[in-house]
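Undergrad: Questions regarding the structure given below will be posed in turn.
Values quoted throughout were computed directly from the atomic coordinates according to the rules given, and no laboratory measurement underlies them. All of these numbers come straight from a predicted model, not from anything done at the bench. Every residue, glycine as well, gets a Cβ built from its backbone with ideal geometry; the counts of neighbours run over all protein chains shown.
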Amino acid sequence: MTRHQKRLSAPNAWPVERKTATFTVKAGAGPHGEAGVPLVVLLRDVLGYVDSTKEARYALNEGSVLVNGDAVSDEQRPVGMFDILAFTEREEYYRVFPETGGRLALTEIDADAANSRLGKIVSKGHVTGGATQLTLHDGENVRIDEESVEYDTKDSLVVDNETNEIVAHFPYEEGALVTAVDGSHSGDIGRIEEIRVTAGSGDNTVTVTTDDDAFETIEEYVVVIDDQFVD
């Protein structure tokens, strides 16, 4: 199987120049599906820390590059929306965040914010033993035993990178702070003014009010976020 991906046909979320070369690195198996960006693309094309895949491999073998708290040695490891990228030797920390046009970008954060990550619940169900399993947008699973808190799909969680425990819960509801992660308003942040349920198989829509304006999009394109995202 080829280890290369044509730049022109790369997913729109990938932050790569399309016409500077024919190929870029293909993402390996892992979280985020086809939208996951190979780690080497962020190291080389976005941050400029390495000039080649070979240099990326050498840097990753040092064990000082972490994704969501775990040291990564595979330069093709997919990185995607809301992942936390940490460079421990440099003391630099970034959150992957959508920007205008749907491309993924790196937003610098402090060390404390890098200890946990945001996840959107895309499905929930019961597993053996009676626990409830929540599946997040990146494919990660979180199990909960308590029934004191009602978690629903489209809600967001903050999950501790070390323990995988839920440290915060943000319901999907009118008044919630959200960001658009796809569509023409990708990267815009505001509060849900109205959720409109569409009968039949059509997409539900939301109206989001920002500081300057308002926009409408389908609810699949919005993710509930914490106030720290706009600090």
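Undergrad: Quick check: the distance between the Cα centres of the stretch 198-227 and the stretch 118-158, to the nearest angstrom?
TA: 22
Undergrad: Right, something else. Of Thr132, Ile84, Asn68, which is farthest towards the positive pole of the stretch 67-133's charge dipole, taken about the Cα centre with +1 and -1 on the beta-carbons of Lys, Arg and Asp, Glu respectively?
TA: So the residue furthest toward the plus end is Thr132.
Undergrad: How much net charge surrounds Val50 when only the other residues with a Cβ under 15 Å from the Cβ of Val50 are counted, with Lys and Arg +1 and Asp and Glu -1?
TA: For residues surrounding Val50, the net value is -3.
Undergrad: Per 0.36 nm of contour for each residue apart, how much would the distance between Ile218 and Thr198 grow if the chain were fully extended, relative to their Cα-Cα spacing?
TA: Taking Ile218 through Thr198 to full extension adds about 6.2 nm, to one decimal.
Undergrad: If the viscosity is 0.692 mPa s and the temperature 37 °C, what translational diffusion coefficient in µm²/s does Stokes-Einstein give for the chain when Rh comes from Kirkwood over Cα pairs?
TA: 175
Undergrad: From the phi angles alone, apply the Karplus equation (6.51, -1.76, 1.60; θ = phi - 60°) to the stretch 98-105 and give each ³J(HN,Hα) in whole Hz, x where the residue is Gly or Pro.
TA: Along the stretch 98-105, the couplings run x, 10, 3, x, x, 6, 8, 10 Hz.
Undergrad: Please report, in debye to the nearest 20, how large the charge dipole of the stretch 72-183 is about its Cα centre when each Lys and Arg carries +1 at its beta carbon and each Asp and Glu carries -1 there.
TA: 380
Undergrad: Roughly how many debye, to the nearest 20, is the charge dipole of the chain about its Cα centre, given +1 on each Lys and Arg Cβ, -1 on each Asp and Glu Cβ, and no other charges?
TA: Dipole about the Cα centre, nearest 20: 1560 debye.
Undergrad: How high is the relative contact order of the stretch 134-231, given as a whole-number percent (alpha carbon pairs under 8 Å, six or more residues apart)?
TA: Relative contact order comes out at 22 percent.
Undergrad: Val222: net charge of surrounding residues, Cβ under 10 Å, Lys/Arg +1, Asp/Glu -1, itself excluded?
TA: Cβ neighbours under 10 Å give a net charge of -2.
Undergrad: Additional query: Go through 154-163, 32-41, 114-123 and give me the packing order, highest mean Cβ count within 10 Å leading.
TA: The peptides rank, most packed first, as 32-41, 114-123, 154-163.
Undergrad: What 222 nm value per residue comes from the helices of the chain, counting each DSSP H run with n ≥ 4 as -39,500 (n - 2.57) and dividing by all residues, nearest 500 deg cm²/dmol?
TA: -1000 deg cm²/dmol
Undergrad: Explain nothing, just the number: relative contact order of the chain, from Cα pairs under 8 Å at least 6 residues apart, as a whole percent.
TA: Value for the chain: 13 percent.
Undergrad: Which residues among the stretch 82-122 fall inside the zone where the amide N is under 14 Å from a point 7 Å beyond the Cα of Asp160, along Cα→Cβ?
TA: 115-117
Undergrad: What's the magnitude of the charge dipole for the stretch 44-118 around its Cα centre, counting Lys and Arg as +1 and Asp and Glu as -1 at the beta-carbon? Answer in Debye, nearest 20.
TA: 260
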